[in-house]
Each structure stands twice: as structure tokens, then as C-alpha cells.
1. Taking region 106-158, which residues are over 15 Å from residue 63 (Cβ atoms) and charged (D, E, K, R)?
2. Scanning region 91-104 for residues that are assigned to a loop (DSSP other than H, G, I, E, B) and closer than 28 Å to residue 125 by Cβ, which turns out modelled with the lowest pLDDT?
3. Could you say which residue among 107, 124 is in a helix (DSSP H, G or I), of a type outside the set (Lys, Arg), under 29 Å from residue 31 (Cβ atoms) and at pLDDT below 95?
4. Would you be able to tell me the number of residues in region 1-55 that are basic (Lys, Arg), at pLDDT 95 or above and in a loop (DSSP other than H, G, I, E, B)?
5. Inside region 127-156, can you point out the residues that are within 24 Å of residue 24 (Cβ to Cβ) and aliphatic (A, V, I, L, M)?
6. Is it true that residue 79 is without any contact (Cβ under 8 Å) to a residue 60 or more places away in the chain, within 24 Å of residue 140 (Cβ to Cβ) and in a helix (DSSP H, G or I)?
7. Hey, any hits in region 85-93 for a residue that's in contact with a Cys (Cβ under 6 Å, 6 or more places away or on another chain) and surrounded by 14 or more Cβ atoms within 10 Å (Cβ to Cβ)?
Amino acid sequence: MSQEPLVVTSFDRLRFIVIDDDRAILQVVEAFLTAAAVGGVIPAISCFTALNLMADKTKKIDCIICDHSMPTMTGLALLQQIRGGKHPNIPRNLPFIMLTSSGQEEVVRAAVALDVHGYVRKPVSKDVLVKAIHRAFNRQLNLKNPADYLSYPLPAEP
């Protein structure tokens, strides 16, 4: 990451969707975001639940915070689908922060290849999360061709 000064992002109008199959983590992250005075938080216990919520055009989402290790669909698989344009209602460049306990090299490498905006290791603190959000909104993506994202081989789940 570059050491350029961050432009502080005003959170009061931003709506976040937080995806984690661990309800305790959902509550902690939601509490951190509420304490940071965000405009809204939508919790989801799976990527499929999140996709259904984001398909609703009336629910504006400004940033996704997503766990990687989840059953059925991983956070990397969700990121790959979004960057690959599989969901027309979700902007391909939507800020995406991976929140995970995994520091495995292949997971980190895949997240970077799929243009993740931030990668935060659990256990997360409010300060680390807020800094990751500021960095995410300061990062400009040069999106690749959707097929490049969709053809990237995702690491196998342990």
C-alpha cells in the first residue's frame, strides 16, 4: 500500500453490507461501524443472502465488508463474481474489504488479483477497520476485463 496521505471519507451517508457467517463477528463489526457514524449497516450471514439484498435496487450499498471463509460461497468467490460482472445491479468497482482470519498466501494473492480494496485480519479493531475503509475509498481501480476475473483460479478451501 502506498504511504500517500488519506483523504478522510465522510461516513454519514455511506451504507455498508457486512457478510459473515459468525453472528458475533457481524455484531462486533456492526457496532464498530455504528460507532464510526456510518449511514447504515446491513448484516448478512451468507454471500447468497447478501446477493439477494444487493439485488434490491432500493438498497444502495457503498461498500462490502466480507469474511472469506464461509460455507457454500466464499468471500473470494463473491468478489470474483462482482468484479466479473455476474450481478448487473452491483457495480464492478464497488469497494470490497475482505475481513478474514486467513493470512494464507494464496488467499491474499487471490484477493489482490481480484482487486480487493482492503484486507483486514481478524480479530479486527475499530481503528484498523476505519483505516481500511478510508483506504478503500481512496483507492481508484483500473478494472480488468470481466473474463480476466472470472478465469482466475480461486484457492481451495481447507
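1. Passing the criteria: 106, 109, 121, 122, 126, 127, 144, 148, 157.
2. Taking region 91-104 as the starting set, the residues that turn out to be assigned to a loop (DSSP other than H, G, I, E, B) are 91-95, 101-104.
Okay, now just the ones that are also closer than 28 Å to residue 125 by Cβ, so 93-95, 101-104.
On the way: 93: 96, 94: 96, 95: 97, 101: 85, 102: 71, 103: 74, 104: 85.
It comes out as 102.
3. Numbers: 124 fails: in a helix (DSSP H, G or I).
Testing whether each residue is in a helix (DSSP H, G or I), of a type outside the set (Lys, Arg), under 29 Å from residue 31 (Cβ atoms) and at pLDDT below 95 leaves just 107.
4. Here is the first cut: in region 1-55, the ones basic (Lys, Arg) are 13, 15, 23.
Narrowing the set further to residues that are at pLDDT 95 or above leaves 15, 23.
Among the residues that remain, those that are also in a loop (DSSP other than H, G, I, E, B) are: none.
Number satisfying all stated conditions: 0.
5. If we filter region 127-156 for residues that are within 24 Å of residue 24 (Cβ to Cβ), which is where we start, we get 127-133, 136.
Once the filter is applied, which keeps residues that are within 24 Å of residue 24 (Cβ to Cβ) and aliphatic (A, V, I, L, M), region 127-156 yields 128, 129, 130, 132, 133, 136.
6. Values: without any contact (Cβ under 8 Å) to a residue 60 or more places away in the chain: yes; within 24 Å of residue 140 (Cβ to Cβ): yes; in a helix (DSSP H, G or I): yes.
For residue 79, the condition - without any contact (Cβ under 8 Å) to a residue 60 or more places away in the chain, within 24 Å of residue 140 (Cβ to Cβ) and in a helix (DSSP H, G or I) - is met.
7. From region 85-93, those in contact with a Cys (Cβ under 6 Å, 6 or more places away or on another chain) are none; that's our starting set.
Checked region 85-93: no residue is in contact with a Cys (Cβ under 6 Å, 6 or more places away or on another chain) and surrounded by 14 or more Cβ atoms within 10 Å (Cβ to Cβ).
The values are calculated or read from the model by the stated rules, or taken from the named source; none is laboratory data. Note that the coordinates shown come from a computational prediction; the quantities given were computed from them, not determined experimentally. For neighbour counting, all protein chains shown are included, and Cβ atoms are generated from backbone atoms with ideal geometry for every residue, glycine included.
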